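Peer 1: Before I ask anything, let me first share the structure, which is written out below as structure tokens.
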Amino acid sequence: MEVPNFEEILKQVKINFWLIGIPFKDSNIKIRYYLFLISLIIMLIAELSFIVCMVSTADLLEITLLVPCSCIGLLSLLKIMPIAIKRKKIFKLADCLDNLYRDILNNTRNVEIVGSKIVGLKKIITYFFVLNGVLIAVYNFSNLALMFYEYITNKEVKYHLSYAVIVPFNIEIFGTWFFVFVFSCMNGYICVVFYTTVDALYCIFTSHICHHFTLISEEIKCLDTNNGDKLRELVNNHQYILKLSEDLEDIFNLPNLFTVLLGSIEICALGFNLTMGTWSQLPGCVLFLVSVLLQILMMSYFGENITRESNGVGEATFLCKWYDMNKIEKQNILIIMTRSHKPAQLTAYKFSIISYASFMKIISTSWSYFTILKTVYKPDIK
């Protein structure tokens, strides 16, 4: 099994950071980052204006069809801005994890313990980027297929946009339609690059910190009177990894909060359209729903992992031969055990702990919203 190095794991994320305009190891934000933000804000205003104008006249089903696109655009904006603000802390954390990861690669036993997890992480990140790439391609260009079908069947060209927007000019002519179409598709790609980059970075950093908690636990389990002198080093390593996990929490607590808040709305709206909408909406809604669920599940999975692995360090102290050690070594064991009582946790800005329980809470909240929509919805009978 060939274990990738840290640069290989982080390669696509670094490419995306460069595209966004926040190059790694460069403290200066490039002008294209601000241009992307302005473009996305204009697109959001156009989408939200359409929703507001349609609230009193459009069918509820049509409105909920627009909500996920606006939510994902808003979420992308809200997730990338805290990352840009804390970019220096991100670069520093990446350097620290890179140095620690080299120690793993230089130790055959450590590679055997976490190597398969590292390879699995790289596959997850790759699949995540591919899925979202397929999603945005379907959303951006499915209307071109619809226009072509209508032209073949009716011999008439009807201009459709990928996203419903209000613009201050007529889009029933080719020139203006093409401009708005290209602009909206470009913003769709900007959204995907923004949120996939943040989510992939979160998964990579969290996973690497979990690996180090795992390795510390394994070393503690093997302690006896012959190698008890390693305890002081393990205590220092444990404290250092805990400090890195606190930095991780500080970087991602705000993006996690926005994911939790908007995730329920997205799932509710998409579920409502899947059950009440037409067959033509099915492919896009299914892909969109899978992407949103995967995004929230990945956040919850890695949040659960870091808590479990952090707790595992304390549990490992019971499995070593502490009873045969001297007083100083027992005191060091007690330090690790006491500190493990407060495990590393990732939160949604301190409002809730990111875990499987938070994932179930989001699904439960989405179901509550969904049942309310189903109750109040009265389809138009034509």
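Here, each number is a calculation from the coordinates, and none is a lab measurement. Quick caveat, the model's predicted, so the values are computed rather than measured. When we count neighbours, we look across all protein chains shown, and the Cβ atoms used for this are built from the backbone with ideal geometry, even at glycine.
Peer 1: Return the FRET efficiency for the residue pair LYS155, THR176: r is the Cβ-Cβ distance, R0 is 22 Å, and the value is rounded to the nearest 0.05.
Peer 2: Numbers: r = 23 Å, r/R0 = 1.03.
After rounding, the FRET efficiency stands at 0.45.
Peer 1: Under 25 Å from the Cα of LYS230, which lysines turn up, not counting those fewer than eight places away in the same chain?
Peer 2: LYS221, LYS243, LYS321, LYS327, LYS330, LYS342
Peer 1: Could you tell me how many degrees, from 0 to 90 and to the nearest 10, lie between the Cα long axis of helix 87-105 and the main elongation axis, the longest principal axis, of the Cα atoms of the chain?
Peer 2: 50
Peer 1: Plugging the Kirkwood radius over Cα pairs into Stokes-Einstein for segment 319-368, at a temperature of 20 °C and a viscosity of 1.002 mPa s, what D comes out in µm²/s?
Peer 2: It comes out at roughly 153 µm²/s.
Peer 1: Taking every eigenvalue of the Cα gyration tensor of segment 143-288, multiplying by 5 and rooting it, what semi-axes result, largest first, whole Å?
Peer 2: Whole-Å semi-axes of the equivalent ellipsoid: 54, 17, 13.
Peer 1: Can you pull the three principal axis extents for the Cα set of segment 1-103, in Å, largest first?
Peer 2: 62, 36, 18 Å, listed from the longest principal axis down.
Peer 1: List, in order, the whole-Hz ³J(HN,Hα) value for each residue of segment 251-259 obtained from phi through the Karplus relation with A = 6.51, B = -1.76, C = 1.60 and θ = phi - 60°; use x for Gly and Pro.
Peer 2: Working through the residues one at a time gives 6, 10, 5, 6, x, 5, 4, 5, 5 Hz.
Peer 1: Among the aspartates and glutamates, which have Cα under 17 Å from the Cα of LYS25 when same-chain residues fewer than 8 positions away are ignored?
Peer 2: Output for LYS25: GLU7, GLU8, ASP95, ASP98.
Peer 1: Now a separate question. Compute the angle between helix 356-376 and the longest alpha-carbon principal axis of the chain, please, reported from 0 to 90 degrees and rounded to the nearest 10.
Peer 2: Tilt of helix 356-376: around 20 degrees.
Peer 1: Any idea how far the Cα center of segment 17-76 sits from the one of segment 327-359, in Å?
Peer 2: Segment 17-76 and segment 327-359 have Cα centres spaced 37 Å from each other.
Peer 1: In segment 222-261, if every C-alpha pair distance is counted and binned at 10 Å from zero, what percent goes to each bin?
Peer 2: Distribution as computed: 26, 29, 21, 16, 9, 0 percent.
Peer 1: At q = 0.11, 0.24, 0.25 Å⁻¹, what base-10 log of I(q)/I(0) does the Debye formula yield for segment 287-382 when every alpha carbon is treated as an equal point scatterer in vacuo?
Peer 2: Log10 I(q)/I(0), no solvent term: -0.54, -1.16, -1.20.
Peer 1: Sticking with this structure for a sec: Express in % the proportion of alpha carbon pairs of segment 203-324 at distances exceeding 20 Å.
Peer 2: In whole percent, the share of Cα-Cα pairs in segment 203-324 beyond 20 Å is 57.
Peer 1: Under a cut-off of 18 Å between alpha-carbon atoms, report the lysines in cross-link reach of LYS123, not counting same-chain residues fewer than 8 places apart.
Peer 2: List returned: LYS11, LYS14.
Peer 1: Starting from the Cα gyration tensor of segment 202-243, take the square roots of the eigenvalues, sort them a ≥ b ≥ c, and report rounded, prolate or oblate (rounded when a/c is under 1.5, otherwise prolate if a/b is larger than b/c, else oblate).
Peer 2: It comes out oblate by the Cα gyration axes.
Peer 1: Hey, another quick one. Taking 7 Å along the Cα-to-C-beta vector as the label spot, tell me the GLU7-LYS30 distance in nanometres, rounded to one decimal.
Peer 2: Simple spin-label model gives 1.9 nm for this pair.
Peer 1: Any chance you could get the radius of gyration and Dmax over the Cα atoms of the chain, in Å?
Peer 2: So, for the chain, Rg and Dmax equal 24.6, 89 Å respectively.
Peer 1: Which number comes out as Rg/Rh for segment 256-326 once both Rg and the Kirkwood Rh are worked out on C-alpha atoms?
Peer 2: Across segment 256-326, the Cα-based Rg/Rh ratio is 1.38.
Peer 1: Does anyone have the angle between helix 60-85 and the longest principal axis of the chain? Alpha-carbon axes, 0 to 90°, nearest 10?
Peer 2: The angle comes out at about 40 degrees.
Peer 1: What order, most packed first, do the peptides 102-112, 303-313 have when packing is the mean number of other Cβ atoms within 10 Å of each residue? Walk me through the numbers on the way to the answer.
Peer 2: Values: 102-112: 13.2, 303-313: 21.7.
Ranked from most to least packed, the peptides come out as 303-313, 102-112.
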